[in-house]
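What follows is one structure encoded as structure tokens, with my remarks underneath.
The values are calculated or read from the model by the stated rules, or taken from the named source; none is laboratory data. This is a predicted model, so every value here is computed, not measured. Neighbour counts are summed over all protein chains in view; Cβ atoms, including those assigned to glycine, are modelled from backbone coordinates with ideal geometry.
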Amino acid sequence: MRALEKRTIERMDHTQVTFLGLGALEIGRNWGMGTDTERPDEHTAGRVLNEALDAGLNLIDTASAYHRSEERIGQFVSGRRNEFVLASKCGEHSCEPGTYYDFSYEAVTRSIDESLRKLRTDVIDLMQIHFGPDPEAVIRNGETVRAMKDAQKAGKIRFLGASIDGKLAEECIRSGDFDVMQMAYNLSNRGNEANIALARERGIGVLVRCGMGNGLFTPRVLLSPDRLSEDVRRRLFDSLDQIGGDPEQAIQTLMAINLRFLYENPGISSVIVGTKKPENIRKNMALLEQKTEDGLYARICRIWS
Ligand SMILES: NC(=O)c1ccc[n+]([C@@H]2O[C@H](COP(=O)([O-])OP(=O)(O)OC[C@H]3O[C@@H](n4cnc5c(N)ncnc54)[C@H](OP(=O)(O)O)[C@@H]3O)[C@@H](O)[C@H]2O)c1
């Protein structure tokens, strides 16, 4: 099954992660496209997490900035800790209802300790820098990486990652400091294509965020297409026209095509799809299995290129 195909991250001591992972932003913080953005209640969050593991996904991505997310992971699945690779982030901090940035040595060290406590674990497999409005300054300063490396030496985290796009992502890859990069990528957003290839060459893992276009390649988009830019709306409706049939059905095919586009890239280790709905996990697994005729696939890829 494609969703459960294991991809190896060389720089993480050859850790294997399932192609489909779980983004745990939505279970901790209000998020998403359009309406229906409220985080789920406690019980549903627990179901999302357990359903992801029951379905066989073995990677969960969270962050100290995702409000209740780390705490809920600790509460509901810390007893299943050996079943998943745990990735979190530091640098952006939760202060409900908002967040703030502090990349200093002290703040990052404190944040890692706090994440360990909330997650109810002894070690976090991957700690990523959660870059904010001035990523260049964070990279130049070097304090954040120093704090992360010290936490690694102390056995609190196993590997280092960076969540960033574009030119600075390339710089992070070339720096040699990071074992994994988290980058945005999907059919409509291919800006990190060269970065994904470069990371692959160097054995660096790639976690894809916004793999579903933050809801663009899901039925959610049909609820409020007026929120899209004119260009994106045109591409969306061109795609649905090409696929044909009623839009509700066509959007399912478009989701499957977008997932196939990601699956066919060997540089992607895992796509950490976010959801607050337990049922969407197996739906996405099924969509990854859906076959699309090659001609249609190529036409849709062209529309979004
Ligand atoms: N700076 C950063 O480091 C950063 C930023 C953003 C995200 N992330 C990480 O990346 C993960 C994913 O990013 P993302 O959530 O922005 O984008 P995404 O995975 O592209 O899209 C998630 C959205 O798609 C919807 N969705 C998923 N499967 C669906 C299905 N089968 N049917 C209908 N809707 C579906 C979800 O809605 P429902 O909840 O209704 O299912 C959710 O709103 C996050 O959870 C987080 O871990 C990191």
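Quick one: which residue in ASP36, ASP113, ASP122 is in contact with a Lys or Arg (Cβ under 9 Å, 6 or more places away or on another chain), of a type in the set (Asp, Glu) and within 10 Å of the ligand (Cβ to nearest atom)?
One residue alone meets the criteria, ASP36.
So, in the stretch 159-181, of the ones that are within 14 Å of MET148 (Cβ to Cβ) and within 15 Å of the chain's Cα centre (by Cα), which residue ends up surrounded by the fewest Cβ atoms within 10 Å (Cβ to Cβ)?
SER163
How about the stretch 272-287: which of its residues are of a type outside the set (Lys, Arg) and within 17 Å of ASP54 (Cβ to Cβ)?
Across the stretch 272-287, the qualifying residues are VAL273, THR275, PRO278, GLU279, ASN280, ILE281, ASN284, MET285, ALA286.
Look through ASN141, ASN192 and report the one residue that is of a type in the set (S, T, N, Q), over 21 Å from PHE84 (Cβ atoms), within 16 Å of the ligand (Cβ to nearest atom) and in contact (Cβ under 8 Å) with a residue 12 or more places away in the chain.
Of the residues listed, the single one that is of a type in the set (S, T, N, Q), over 21 Å from PHE84 (Cβ atoms), within 16 Å of the ligand (Cβ to nearest atom) and in contact (Cβ under 8 Å) with a residue 12 or more places away in the chain is ASN192.
Pairs please, first residue from the stretch 274-285 and of a type in the set (S, T, N, Q), second anywhere and assigned to a loop (DSSP other than H, G, I, E, B) and within 6 Å of the ligand (Cβ to nearest atom), Cβ atoms under 7 Å, 6+ apart in sequence or on different chains.
From the stretch 274-285, the pairs are THR275/GLU26.
Which of (1) aliphatic (A, V, I, L, M); (2) under 27 Å from ALA298 (Cα atoms); (3) away from the ligand (no atom under 16 Å from the Cβ); (4) surrounded by 21 or more Cβ atoms within 10 Å (Cβ to Cβ) is the odd one out, the single condition ALA199 does not satisfy?
Among (1) aliphatic (A, V, I, L, M); (2) under 27 Å from ALA298 (Cα atoms); (3) away from the ligand (no atom under 16 Å from the Cβ); (4) surrounded by 21 or more Cβ atoms within 10 Å (Cβ to Cβ), the lone unmet condition for ALA199 is (3).
Please work out which one of (1) closer than 20 Å to PHE84 by Cα; (2) within 21 Å of the chain's Cα centre (by Cα) is the condition ALA184 fails and give its number.
Answer for ALA184: the failing condition is (1).
Tell me which helices (runs of 4 or more DSSP H) are completely within the stretch 212-305 and hold 3 or more residues being aliphatic (A, V, I, L, M), buried (at least 18 other Cβ atoms within 10 Å of the Cβ) and modelled with pLDDT of 95 or more, or say none if there are none.
Fully inside the stretch 212-305 and qualifying: 230-243, 247-263, 278-289.
Closer than 20 Å to ASN195 by Cβ and out of contact with any Cys (no Cβ under 9 Å at 6 or more places or on another chain): does that describe GLU92?
no
Looking at ALA154, is it away from the ligand (no atom under 14 Å from the Cβ), in contact (Cβ under 8 Å) with a residue 40 or more places away in the chain and either surrounded by fewer than 20 Cβ atoms within 10 Å (Cβ to Cβ) or under 30 Å from SER88 (Cα atoms) (or both)?
no
For the stretch 1-16, how many residues are crowded, with 23+ Cβ neighbours inside 10 Å and part of a loop (DSSP other than H, G, I, E, B)?
0
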